[in-house]
1. Calculate, axis by axis, the spread of Cα positions in chain C along the three principal axes, and write the results as whole Å, longest axis first.
2. Taking every pair of Cα atoms in the range D:97-136, average 1/r, invert it to obtain the Kirkwood radius, and report Rg/Rh to two decimals.
3. Given labels modelled 7 Å from the Cα in the Cβ direction, how far is it in nm from D:E444 to C:R164?
4. With +1 on the Cβ of every Lys and Arg and -1 on the Cβ of every Asp and Glu, and nothing else charged, how large is the dipole of the range C:1-277 about its Cα centre, in debye rounded to the nearest 20?
5. Gain in length, D:F30 to D:I142, computed as 0.36 nm per residue apart minus the alpha-carbon separation, to one decimal in nm?
6. Please give the helix C:114-133 orientation as an angle from the longest Cα principal axis of chain C, in degrees from 0 to 90, rounded to the nearest 10.
7. Calculate, for A:L49 and D:I557, the FRET efficiency according to 1/(1 + (r/R0)^6) with r their C-beta to C-beta distance and R0 45 Å; round to the nearest 0.05.
8. Using a 10 Å cut-off around each Cβ of peptide C:68-80, what is the average number of partner chain Cβ atoms that fall inside?
Amino acid sequence: MHHHLILRVVAKLLLPFILLYALYVQWHGDYGPGGGFQAGVIFAVGFILYALVYGVDALVRVVPRGVLVGAMAVGLLLYAGTGVVSLFLGLDYLDYSRLAHDPVHGQEWGILLVELGVGIAVAAAMTAIFVAFATREPDIDDEDW
Amino acid sequence: MNTYITKPVLIGLAVICATLVGADFLRDGHGYFSFENWPLIYCAIGFVVYGVLIILAKGLRVLIERPENYYGDLAIDSEPEPGMGPIAPEKSGVPHD
Amino acid sequence: MIPQAIISQLPILQVIVPLIAAPFCALLGGRNRAWALAFAVSLVTFAISAMLFASTLDGTVLSYQLGGWAPPIGIEYRVDALNAFVLLIVSGVGALTMLYARESVAYEIDERHHGLFYSAFVFCMTGLLGVTITGDAFNVFVFLEISSLSTYALVASGAKRDRRALTAAYNYLIMGTIGATFFVIGLGLLYMITGTLNMADLAHKLVEHGDSRTLRMGFAFIVVGFGLKLAMFPLHLWLPNAYTHAPSAVSAFVSATSTKVAVYLMLRFLFTVFGFSIPFEVDVLRTIVLPLALIGILAGSIVAVFQEDLKRLLAYSSISQIGYMLVGITLLTPGGLMASIIHLFNHAVAKAALFMVAGAYVMQAGTSTISDLRGVGRDMPFTTAAFVVGGLSLVGVPMTVGFISKWYLVQAALEQGWWPVAGLIVLSSLVAFAYVWRFVEAAYMYPTPDGVIRREAPLTMLIPMWIFAGSSIFFGLNASLTSAAASRAASGLIAASSLIWQ
Amino acid sequence: MTDYFMPSLIYFAAAAIVPFIAAPRLRATFMLAVPFAGFASFATMAYGTYAFMPFFDFNLKIFRLDGLSFIFGLIFSIAAFISIAFAWHIRDRLEQVSSLVYAGAAIGAVFAGDLITLFVFWEGTAIASALLIWARRTPGAIATTMRYFTFQIASGLLLFIGIVLFYRDTGSVAFQHMELDSLGTWLIFLAFGFKCAFPLMHNWLQDAYPAATPTGTVTLSAFTTKLAIYALARGFAGTEFLIYIGAAMSLFPVFFAAIENNLRRVLAYSLNNQLGFMVVGIGIGTPLALDGTVAHAFVHVIYKALLFMSVGAVIYRTGTAKVSDLGGLWKYMPWTMAFCIVGSLSISAFPLFSGFVAKSLILSATASSGHIWVWMALVVASVGVLEHAGIKIPYSMFFGHDRGWKVKEAPLPMLLIMGFAATLCVLIGVFPQTLYALLPYPVEYEPYTADHVITQLQMLFFAALAFALLIRFNIYPAEYRSINLDFDWVYRRFLPNVLRVVTHYVTVIWRVYARFADRRIERALMVIYRAHGPQGALARTWPTGSMVLWIAILLGITLGLAYL
């Protein structure tokens, strides 16, 4: 655990900035380039960097698999659910006009929520894919393929 | 050797046939074809056709007769005859010899 | 009884009900909870599609605009007689397979993966329903990917029983992705010409645009892309392994729906979007698709005859059956189209029953190898009887649905004067009889091997199996409902295309 | 469908219920009630077409009741009753269910008002009757089932193609009178011919009837062939060609029957011969001839069932139906003998028995239409009937050589139903006008003229005299275990052998050729040969790369087409 001291320190220093950048991309998606997909990937990159330096086990301690699966599901629900809310408000699916006092604001809120959902789902999915590959036990011999 | 076509049976048949020959005169001749009205034509048909038929069949037998297992031992002819399906019959028969 | 507000939302509910339910399945985890939710959702989905079907049978076209954006810009869901019919097939098969899945999945999948499995299953259903219902060409791609990705996962989950499921899923992934990519490339080319992605709008603008090299390229890419997705003859190579090694419930569901949905897409794009406004489109169908379909019909059947594994046999038979549908399309006549559409339904019903039977064998006998299933007809009489019914339908014996579709197809081929095609169809029925008979012979004519104990499948598997088997007889006897729907759908397609009918 | 309940549905419903009735007696009783219910369902209906069902673009006429279909419905109901009653002791559910389905399908076919309905029931009889043979479950019976089934399915297939072509030619699928003027009608004709056992298509009959269980044979004998007779009478009445087919059919089986060792096969040949009479009647096609055909079918079903039942009872007691094993049973089975003789007298057309009043209709129709040679053939065939069915059957079982059997009389239920059939035979013979009243066309015919009775008796008794003399002088064919070749030799022996020889020589030639030919050609051919096998190229799991290659090739071809 004492190798690569510089790497470990630098990685720890970088992590908050990566996550912060991800959040920037996330929330500025409707003004500048970016949005949920990109933000999610950047967010996941932070976790992956952590795992690369500190080992997958450490990552799994931080975000257990159950949490990842849950986050994926919640993200998707947030995305789809926002549309459903507008159904209950008497509009068509994905029509967010009534989420706030006036339609323009409503649309904005809707998009923000949807993007948040996408961000969470993508971040969780990316991390989950990485974890799945990195922790896979080599349970198949070469001959079996 | 044949126990059933005995002399009395033959004589009985002959008597019936003779009666029918006699009855030939009662016919009123209403056939569709002229030869139907020839005397005793039906007697002749019965007798001759029967004989010829049997002789031809015997001839045919020379050509086409084969042993029972000709089509193999799993063909229907070489199998024992059925009882009554899968339910065993009340076997009361005695095989010959 | 049902508020008008909900009725008007039916098209979107058809897709979002399973879409919302899928993540909940993953969250619920444990076996029965996830299954119960999935089953409940599939029933609701079925009810929705039944309502849609009922309200479009008279020729009404329902249109739903997502987010309140008008069609050429926004996404439009458009339900007409054709896709309502396909929706009904997908959701019906989905609901029954879900019932079937409970025991079968409990046997074939690890308990801890059940949540994810059902989640993927419901996602797959979402994707297929979405592909079918949408009227937006790019939305088709999105849902196509949703259904394909979840299918890859579902196929791979067969790895507990057979490791080869992983390679099968991988191959399927590569091929499926190429197919979808081809579709997107084709779509991109069309977008270049027209600047729109709405199908109705595309159709309109393509006619205005007339012939061009870009259009031809787009057409070629889209046809080959769908050819992959629906397992057209030389592009079918992913199918046998995927169907063989997938878990049984997945085999049943996917075989009955996913290629059917691809056929539907093919129909939709050929007739509604392209509409045969240029002769090249007809040429491609007649000179490339038709011969391949014919080869596929025969080769698929012949290969099936030699298979050792029941699921594999069924998979190859699917390839041949898909050939029938393609032949029906290439006839380009109302009769041929109708034959294709009705076969879509008929084959889904019969194949679902057959794969369910194979799954029941996998569960109760531990194998789907034909030689290991000798004498199974006595041990599992109801299951095997369902196989016989489904098999007869594949052969096309009268009083089964298979007969109905073959009848229409042969009639349509004769109408065009395509005698050899009609002859080939009849001939392939004989080959189909050979492969069905192979299994029936093994199941009934041989004694059970010593020491093998097999019990009849549980009721939750028998019921869906027999619903399919029963409906393949019912609709074989009384084809008025299916043929009415199919002919309505066919005439809708023809009205949309610009072919001039003799 | 709403206004009418089809009789065949009653049979099918009963067939669905029967397997679930556990108590054997109850099951048998239930089955016995089915023919009555079936008959009652149409007995009082007015003639007409009922039970329409939309199917594709056709409006199917499932149920058509007219003079012709009514009497065939009646015959089949009686036959169903007789065969079910004779199978009273049977406990095999497969046999019971298939006999019900068989009877139901046959009745359904008779009432079919259009060709599609006919086809469906036609196939129904094929499947159910094959199961009936299969129910014996010996390897030989199963092999026979396969051959039988092939014939029946071939008939169905021909019918199907025929219907398709016919529909294309005429735009109608109504089952009416047809002319042999197109490929479609010819195929339909051939399909009927298969089931009717036309010469060279007849061997399934002789193959199958000795193979079923004794009770199964009684059922088999009634329906399939008579259904074909009905179909021919409905579709091809007055087709000249049929007259000659019928004459040949009535003539050739008598030679085979005379030397056949298996009594059930003798009866099968006899059935063939009787069908010949009916086919002649259809070919002549005058009202009198058609009436004769129908009447003959009617009485034939009863006396042929009676003969099969008596043979069945003998098998039941002795376990064999071979002439070479039987004889002298009259002491032990007197009632069976009596009923058998009634059947024999009926089939040989003795006055006062049912055959006399029916066959003479056909004969006089033939004579009055001027077909002298056909008429003579039928007369010769009549003598043949007397030979094999009138004399050989009862004589060889109950008299002949005494083989030392000591058996019990047949069980009471069997005797009762045989007695019933025998009574019918006599009643019809004595009161022919009752039968004539049922016929589809009004008939003015009196069988009992002095001329007719005398000539018939002369012919029969002189033939009997000839028989007695032949026995006496040991010219009558001796009985021993053997079989006789028939046309089935062609497909059971000759063609397989030819195939074997051809395969052999092809292999030899191929080997020789391969030695000289380029090896690459050989390899290429092997590739084609193997392509479809389990390890064949088309069945293998392909590496992803080559799959992608295919995609590229296909796309390339498609795009190439774009530049043409």
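Read-outs throughout are calculated quantities, based only on the coordinates presented, and are distinct from any laboratory measurement. A quick note: this is a predicted structure, and the numbers were derived from the prediction, not measured. Heads up, the Cβs are rebuilt from the backbone with ideal geometry, glycines too, and the neighbour counts pull from every protein chain shown.
1. 71, 55, 45
2. Dividing the radius of gyration by the Kirkwood radius yields 1.03.
3. Label-label distance for D:E444 and C:R164, simple model: 8.1 nm.
4. With only Lys, Arg, Asp and Glu charged at Cβ, the dipole is about 580 debye.
5. 37.4 nm
6. 30
7. So, using R0 = 45 Å, E works out to roughly 0.40.
8. Per residue, the number of nearby Cβ atoms from other chains is 1 on average.
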